[in-house]
Amino acid sequence: MSKSKLLIASCVLLFTVSAQAAAPITGNWITDGGKNSVSITKCGAALCGKIVKVLKTKPGEPSYPGALLLSELVDSGGMWTGKIHNPGSGKTYKAKVKINPDRTLSVSGCVAMFCKDMIWTPGA
């Protein structure tokens with residue numbers, strides 16, 4: 001085997017070994033501020049998250065039971081990436097989701113390089 005082929009094979013092997021799968025995120029989660037309970041489950045080849053219960057609303061504030069919040073989440077090596085939906089505005093953003101060391105869920109909705117970060121806690 002030539003030196004260049006050996007180098008390429010070594011790089012591919014190193015990348016494959018160092019790639020880390022994202023920690024599982026399926027289950028029930030309480031959103032920032034305790035407003036909703038969201039269930040993250042398998043949806044086809046990806047994961048998605050729906051509001052299963054509205055926990056808090058202010059008078060006159062709309063609620064969105066059953067709304068799809070997260071979709072097309074796929075393992076991107078160390079985190080999950082996909083889409084996050086804002087049911088109030090109808091807009092969809094890029095999403096990054098990962099488990100934190102304290103077992104909370106870091107959820108980010110991003111437009112270009114600007115992201116809004118939220119922390120969700122495990123739910124029942």
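The values are calculated or read from the model by the stated rules, or taken from the named source; none is laboratory data. What you see is a predicted model, and the numbers here were worked out from it, not measured in a lab. All Cβ positions, glycine included, derive from the backbone under ideal geometry; neighbour counts span all protein chains shown.
For (1) outside any helix (DSSP H, G or I); (2) over 27 Å from GLY78 (Cβ atoms); (3) out of contact with any Asp or Glu (no Cβ under 7 Å at 6 or more places or on another chain); (4) modelled with pLDDT under 90, each residue gets a yes or a no:
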position: ILE8; (1), (2), (3), (4): no, no, yes, yes
position: LEU14; (1), (2), (3), (4): no, no, yes, yes
position: ILE40; (1), (2), (3), (4): yes, no, yes, no
position: LYS56; (1), (2), (3), (4): yes, yes, yes, no
Selection within the stretch 22-47 - over 20 Å from ASP102 (Cβ atoms), surrounded by fewer than 19 Cβ atoms within 10 Å (Cβ to Cβ) and out of contact with any Gly (no Cβ under 7 Å at 6 or more places or on another chain): LYS35, THR41, LYS42, CYS43, GLY44, ALA45
GLY109 surrounded by 14 or more Cβ atoms within 10 Å (Cβ to Cβ) and within 18 Å of PRO65 (Cα to Cα): no
Count of residues meeting criterion [touching a Phe, Trp or Tyr at 6+ places or on another chain (Cβ under 8 Å) and at pLDDT 90 or above] in the stretch 16-35: 5
Residue under evaluation LEU55, criteria (1) touching a residue at least 12 places away in the same chain (Cβ under 8 Å); (2) out of contact with any helix residue (DSSP H, G or I) (no Cβ under 7 Å at 6 or more places or on another chain), criterion not met: (2)
Residue count, the stretch 88-116 (criterion: without any contact (Cβ under 8 Å) to a residue 24 or more places away in the chain and more than 11 Å from the chain's Cα centre (by Cα)): 17
Residue match in the stretch 59-69 (condition: touching a Phe, Trp or Tyr at 6+ places or on another chain (Cβ under 6 Å), among the polar types (S, T, N, Q) and either surrounded by fewer than 17 Cβ atoms within 10 Å (Cβ to Cβ) or assigned to a loop (DSSP other than H, G, I, E, B) (or both)): no
Which numbered condition LEU73 misses (of (1) assigned to a loop (DSSP other than H, G, I, E, B); (2) under 23 Å from ALA21 (Cβ atoms)): (1)
Qualifying residue in the stretch 77-97 (condition: in contact with a Pro (Cβ under 8 Å, 6 or more places away or on another chain) and either surrounded by fewer than 15 Cβ atoms within 10 Å (Cβ to Cβ) or at pLDDT below 95 (or both)): yes
Odd one out for LEU68, checked against (1) touching a strand residue (DSSP E or B) at 6+ places or on another chain (Cβ under 6 Å); (2) within 17 Å of LYS50 (Cβ to Cβ); (3) in contact (Cβ under 8 Å) with a residue 40 or more places away in the chain; (4) of a type in the set (A, V, I, L, M, F, W, C): (3)
